[in-house]
Amino acid sequence: MKRVLSLLLILAMSFGLLACQEVNPTATTPAAESTETVTDVPASPDSSDTEENTETGAPVSTDGVVTDDSAALDSVTLKERYADTFMIGCALPLDLMKNPISSGLFLEQFNSITMENEMKPDAMLNQTACIKALPASYTEPVLSLSKLDSILSFAQENGIKMRGHTLVWHSQTPKWFFTEDYTANGALVSKEVMLQRMESYIRQMITYCEDNYPGVVYAWDVVNEAVDPDAGNDPNGYRTVDSMWYKVVGPDFIEAAFTYARKYAAEGVHLYYNDYNCSLKVPQLKALLTKLHDKGLIDGMGMQCHLSTSDKIANAVYYTAVSLAETGVMISITELDIGVGESSSLETQAMKYKVLFERMEEAQKSGKLQIESITVWGLYDQRSWRPGEQALLFTKTENGLEKKAAWYGAMQASDILAIEW
Ligand code: G3I
């Protein structure tokens with residue numbers, strides 16, 4: 001009884017909070033992704049007859065058994081739970097793909113893969129070969145395409161679909177790619193030459209995948225993180241200060257990349273613009289998406305969603321997605337993780353995951369959004385790019401890779417509350 005009353009009280013308080021957020025959508029009160037400090041610490045539901053496993057945060061009864069609803073969920077996997085809704089993806093580094101324990105868990109739970117680093121330009125471009133092949137390579141850079149074979153065949157053999165990440169990005173793209181002699185200190189090439197190199201790079205990446213592993217790559221992050229009004233003074237809010245693409249080609253580089261990607265991608269392969277902190281740059285993103293969509297060059301917006309437990313899913317994700325989708329694009333959540341702030345808990349994190357999946361499922365089923373996939377950025381906490389923040393769905397313990405409360409949240413277990421604090 002005591003527990004029921006506590007839950008009712010928490011629910012009543014939470015509806016009040018949610019109602020407030022819903023009349024204050026993203027455009028006016030944006031929530032930062034993973035940049036906010038934790039200021040609001042949730043009260044826990046009464047835990048007189050349940051507590052959490054301290055390592056995983058998973059709800060367990062006092063006799064150590066996973067609680068009823070969570071236990072029932074153990075016979076279902078994430079990809080099964082959302083089989084009729086959207087694809088469920090995970091970013092993997094190559095070594096985890098080759099590790100039977102990690103890849104076993106990945107194959108059990110997920111049906112979409114993104115390579116964490118191995119398909120980025122710095123992994124694909126071959127500087128030695130580019131220099132050696134000059135002058136023929138001047139506008140036709142040499143790529144190490146065979147490195148993709150083990151990756152794409154893993155996906156093909158296991159029936160996994162892939163998000164190609166990423167073709168054009170200011171980061172993890174070497175400076176030598178932009179110079180006359182392919183050395184880091186060389187003079188920069190002209191805009192025209194760089195556009196030829198860009199087209200060649202995009203053509204080689206897309207056609208290698210499609211010719212050798214048809215149907216595996218279902219979406220490409222064509223351009224990544226090009227919008228940042230705080231990183232320069234471009235009138236459209238494009239990033240300028242640390243972007244060689246902007247420096248050599250100018251603001252046209254974004255549309256050029258999509259034009260080339262459309263030219264070479266097979267019909268039905270979706271072209272995405274991908275970015276972080278989307279709630280903080282909705283007007284700039286909408287302008288870009290509208291321009292590209294009007295020209296038939298783009299299919300989707302990838303919202304990275306590197307979040308923290310202090311973020312409000314309603315603002316940082318839901319209203320932002322609804323607003324961006326007004327431009328006519330589909331949405332994917334491409335790099336989801338939710339860091340646990342210092343004064344927060346794994347239990348709160350599980351609630352955030354539940355709110356996010358619940359809202360996305362509802363938006364998909366009601367037709368408010370067209371969501372292609374939700375991808376978590378990493379398999380387990382200790383191998384996350386945010387290693388101290390316990391941001392993912394699984395953790396490594398002495399018993400192996402275990403589900404966290406966050407996993408039960410993503411599965412929408414009924415004994416985890418879908419509440420925003
Ligand atoms: O490959 C080198 C290795 O040779 C070297 O010995 C080692 C020493 O530190 O570094 C290795 O490179 C690291 C690389 O990951 C591969 O592990 C880089 O230092 C490290 O900076 C790089 O971090 C990646 C980061 O992108 C770089 O921008 C993260 O793993 C990856 O998770 C992260 O992913 C990005 C998305 O692509 C775009 N959105 C943001 C997201 C998180 O930052």
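Accessible area per residue (1.4 Å probe, heavy atoms of protein chains only) ranks Asp381, Asp299 as Asp299, Asp381, with the largest value leading. Shown for region 157-272: the carbon plus sulfur share of the solvent-accessible area, taken with all protein chains present and a 1.4 angstrom probe, equals 47%. With contacts taken as Cα pairs under 8 Å and at least 6 residues apart, region 263-421 reaches a relative contact order of 22 percent. Of the heavy-atom accessible surface of region 327-414 (probe 1.4 angstrom), what whole percent is carbon and sulfur? Carbon and sulfur: 43 percent of the exposed surface of region 327-414.
Of the whole protein surface, Asp252 contributes about 80 Å² of accessible area at a 1.4 Å probe radius. Pairs of lysines in region 288-375 whose Cα atoms sit within less than 30 Å of one another amount to 13, provided the residues are eight or more positions apart or on different chains.
Roughly how many whole Å is it from the C-alpha centroid of region 115-167 to that of region 218-261? Result: 21 Å between the Cα centres.
Excluding ligands, DNA and RNA, the accessible surface per residue across region 60-187 is 41 Å² with a 1.4 Å probe. Entry note, region 162-256: relative contact order of 35 percent, from Cα contacts under 8 Å with a spacing of 6+ residues. With the alpha-carbon atoms of region 259-371 aligned to their principal axes, the span from lowest to highest coordinate is 49, 27, 25 Å, starting with the largest. Over region 113-207, with a single point scatterer placed on each C-alpha, what log10 of the ratio I(q)/I(0) does the Debye formula yield at q = 0.26 1/Å? For the requested q values the scattering log ratios are -1.46.
The values are calculated or read from the model by the stated rules, or taken from the named source; none is laboratory data. The structure displayed is predicted, hence computed values, not measured ones. Keep in mind that these areas ignore ligands, DNA and RNA; they rest on the heavy atoms of the full protein, side chains included. Shrake-Rupley method; radii C 1.70, N 1.55, O 1.52, S 1.80 Å.
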